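**Student:** Here it is, the structure, as structure tokens.
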Amino acid sequence: QVQLVESGGGLVQPGGSLRLSCAASGSIFNIYTMGWYRQAPGKQRELVAVIVSGGGTTYVDSVKGRFTISRDNAKNTVYLRMNSLKPDDTAVYYCNAVMRSSRDANISNLWGQGTQVTVSS
């Protein structure tokens, strides 16, 4: 069984920075994409950033230039560096991984438990 464990959320003032981490553990054959989504109260979950195994990245327009996603394939870990945070960034941030647990396994779409990010003065 593969688990995604997130860390790094918290309370930060506008303009501040945070770094989120998400580590995958368990039986892992290959992780194709890792990413971060967020869900604010009363809103749908939205993609924030995703990174593929080769390093290519995609960001939602609202975070371009402020957030950076990176990945350590050896550690099966994805990071999200968030700078110049705004109150609108307040949400629960969820880690996501698309992966196989073995060569013959189906592709799985896994989610972490979520970590709260609050941007407020």
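**Student:** Tally the residues that are in a strand (DSSP E or B), open to solvent by 20 Å² or more (accessible area, probe 1.4 Å) and farther than 16 Å from residue 118 by Cα, restricting the search to region 1-20.
**Tutor:** So the answer is 2.
**Student:** Out of all the residues in region 32-41, which are of a type in the set (A, V, I, L, M) and open to solvent by 20 Å² or more (accessible area, probe 1.4 Å)?
**Tutor:** Within region 32-41, the subset of a type in the set (A, V, I, L, M) is 34, 40.
Selection gives 40 alone.
**Student:** Moving on. Test residue 44 against the stated conditions and say whether it is in contact with a Ser or Thr (Cβ under 6 Å, 6 or more places away or on another chain) and open to solvent by 60 Å² or more (accessible area, probe 1.4 Å).
**Tutor:** no
**Student:** Ok, one more. Give 60, 50 a once-over and let me know the one that is of a type outside the set (Phe, Trp, Tyr), within 11 Å of residue 33 (Cβ to Cβ) and either open to solvent by less than 60 Å² (accessible area, probe 1.4 Å) or touching a Leu at 6+ places or on another chain (Cβ under 7 Å) (or both). Can you show your working first?
**Tutor:** Numbers: 60 fails: within 11 Å of residue 33 (Cβ to Cβ).
Only one candidate passes the filter, namely 50.
**Student:** Before we move on, is residue 55 without any contact (Cβ under 8 Å) to a residue 24 or more places away in the chain, open to solvent by 60 Å² or more (accessible area, probe 1.4 Å), farther than 15 Å from residue 88 by Cα and part of a loop (DSSP other than H, G, I, E, B)?
**Tutor:** It is false that residue 55 is without any contact (Cβ under 8 Å) to a residue 24 or more places away in the chain, open to solvent by 60 Å² or more (accessible area, probe 1.4 Å), farther than 15 Å from residue 88 by Cα and part of a loop (DSSP other than H, G, I, E, B).
**Student:** Which one of the conditions (1) in contact with a strand residue (DSSP E or B) (Cβ under 8 Å, 6 or more places away or on another chain); (2) open to solvent by 60 Å² or more (accessible area, probe 1.4 Å) does residue 70 fail to meet, given that it meets all the rest?
**Tutor:** (2)
The values are calculated or read from the model by the stated rules, or taken from the named source; none is laboratory data. On a predicted model such as this, the values are computed, not experimentally measured, just so you know. Cβ atoms come from the backbone with ideal geometry, glycine included; neighbour counts cover every protein chain shown. Surface accessibility is based on the protein's heavy atoms, side chains included, excluding ligands, DNA and RNA. Shrake-Rupley method; radii C 1.70, N 1.55, O 1.52, S 1.80 Å.
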